[in-house]
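First comes the structure, then the notes that go with it.
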Amino acid sequence: MSNPSLTAPAPDRVRTGGLRSITLSRGPIEPNTGLLDYVVRNDVHTWIRRGGGLVAYGETARFTGAGPGRFAEAQSWWRGQLATADVVNPLRQSGTGLIAFGSFAFSKTSAYESRLIVPEIVVGCSDGSSWLTYITSDAKAEVTPEAAEAVLAAYLDDVAPERAPHPGDRLAPGILSEGEYMVAVAEGVRHVQAGELSKLVLARDVVAELGAPIATAQVLRELAVRYEDCWTYSVDGLIGSTPEMLIKVENSTARARVLAGTLDRANAPAGDPDYPQRVLAGSDKQLHEHSIAIDSLTRQLEPFTSSMTSHSEPFVLQLPNVWHLASDVTAQLTVDGEGQVPTSLALVDALHPTAAVCGTPTTVAGALIRELEHLERGPYAGPVGWMDAEGNGEWGIALRGAVVESPTRIRLYAGCGIVEGSQPEAELAETWSKFRPMIQALGLAG
């Protein structure tokens, strides 16, 4: 079964005309709220963590594509846009100048159209200092600091109202019922025990049916405040707050955060501060799942690096809903024959899908996912983030999120890593812990 909203035609691939842009410094930003002061429209694009990042409005150009070549095609399109662009950017720091927000399908077989979107206006913030970028394809437009501020002000004049819980709000089953999901998990365990693969990630969905239209900006603010250590994203109806950084590239350094191994905080005993460390780091099942994920990423990243470091042992990452086993990886990227380091999107192409969201071997796991999930993942568990003209960028994995299918219908996704010791009941419970951020942000539960 497929999700109709994920196969709907996207807007035109690109508006014609070369891009023109200007970036200007705007000085310090409000320290208590950061970029959240700009998350006021339901059509906003965001990439926010701890008050910093990027918030954008409008659309100046768009790429869409599908299939195994979607990343390379997007990279080629972006290079074409840069080749004809007229850019004024005195700041020259990561995230300034021309940028594109992106969301890519998890699967190369997906009908979902992966996309890069060049916004019209971008407010950025790093280390407390902010900037503004205005991007247009209108050859007659005035591209000045004054014009940029005027365009921003026009967007901010249209603030979306907040939403209160509605009596008609409800959470409905997705493609698989709870029982059917547990059957799928048991079948996945059987394949692992048979030696066909060492890990399989199986996802399921639930649907939020609302009695009044979603207030997307309000949901994003809730996520950003509750999950400040995560990256709160919004790209063209894909929203969420992910704890997992697939790859970040800044100049010649790449960074990643790998998560695998989960413990629900709702079931934690009171007065036992060592509980997460003991249960996660003391579990052979959790450590095995984590080692598969970290080995998968470092193996794929190694050909692009001159050196790479990671934690010798995973640490416990504390989030409001769960604890995770986590490892941070830092790598120095190698320079090619033309003196260039690989772009963030080139690394996304090489790394996706990781064992953390697919399994290993990925070809075997991918085929089993299609067989057992009965689900069109679309952009769920695919790369989401942004890139700039210098190849810098931040790409997370679209987890703890949802797709807004209509103003009153939102599809939520969650998945679990299945290894030899997995128990269907425990994996089902883990999906509910991972649904919790979106359920709470939508106002469906406390």
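Every number here is computed from the coordinates shown, using simple stated rules; none is lab data. Because the structure is predicted, anything quoted here is derived from the model rather than measured. All Cβ positions, glycine included, derive from the backbone under ideal geometry; neighbour counts span all protein chains shown.
Things worth noting here:
- Cut-off 11 Å between beta-carbons: net charge of the residues surrounding Ser110, Lys and Arg +1, Asp and Glu -1: +2
- When restricted to Cα atoms, the range 150-244 yields an Rg and a Dmax of 19.3, 63 Å, respectively.
- Cα centroid separation - the range 40-107 against the range 393-432, whole Å: 25
- Comparing mean-square fluctuations of Glu338, Glu180, Glu425 from a GNM of the chain with C-alpha springs under 10 Å, the top value falls on Glu338.
- Whole-Hz ³J(HN,Hα) from phi, Karplus 6.51 cos²θ - 1.76 cosθ + 1.60, for the range 150-157, glycine and proline x: 5, 5, 4, 4, 5, 5, 6, 5
- Label sites at Met308 and Trp432, each approximated as a point 7 angstrom past Cα along Cα to Cβ, lie 3.8 nm apart.
- In degrees, nearest ten, helix 284-301 long axis to first principal axis of the chain (Cα): 40
- The range 4-441, relative contact order [Cα under 8 Å, separation at least 6], %: 22
- In the range 232-357, taking the dipole from charged Cβ atoms about the Cα centre, the farthest positive-side position among Tyr275, Val329, Pro353 is held by Tyr275.
- Fluctuation leader among Ile292, Ile397, Ile135 - the chain, Gaussian network, Cα springs under 10 angstrom: Ile292
- Using the alpha-carbon positions of the range 137-188, Rg (one decimal) and Dmax (whole number) come out as 24.3, 61 Å.
- Peptides 74-82, 25-33, 347-355 ordered by average Cβ neighbours within 10 Å, highest first: 347-355, 74-82, 25-33
- In a fully extended conformation the segment linking Ser283 and Val225 would gain 17.8 nm over its present Cα-Cα distance, using 0.36 nm per residue.
- Computed about its Cα centre, the charge dipole of the chain is approximately 220 debye, with only Lys, Arg, Asp and Glu carrying charge at their Cβ.
- Label point distance in nm, Ala172-Ser406, each placed 7 Å from Cα along Cα→Cβ: 0.9
- Which of Arg377, Arg50 has the fewest Cβ neighbours within 10 Å, and the rest in rising order: Arg50, Arg377
- Each residue in Lys285, Lys140, Lys248 was given a count of other beta-carbon atoms within 10 angstrom of its own, and listing them fewest first yields Lys140, Lys285, Lys248.
- Folded to 0 to 90 degrees: helix 216-226 orientation relative to the chain principal axis, Cα: 60
- Rounded to the nearest 10 degrees, the angle from helix 362-373 to the longest Cα principal axis of the chain is 80 degrees.
- Rounded to 5, the percent of DSSP beta bridges in the range 4-441 classed as antiparallel: 95
- Were the residues from Leu156 through Lys108 laid out at 0.36 nm apart, the gain over their Cα-Cα distance would be 13.5 nm.
- Alpha-carbon Rg/Rh ratio, for the range 190-293, with Rh computed the Kirkwood way: 1.03
- Residue order for Asp127, Asp158, Asp388, fewest other beta carbons within 10 angstrom first, comes to Asp127, Asp158, Asp388.
- Gaussian network model of the chain, Cα within-10 Å springs - most flexible of Asp229, Asp336, Asp328: Asp336
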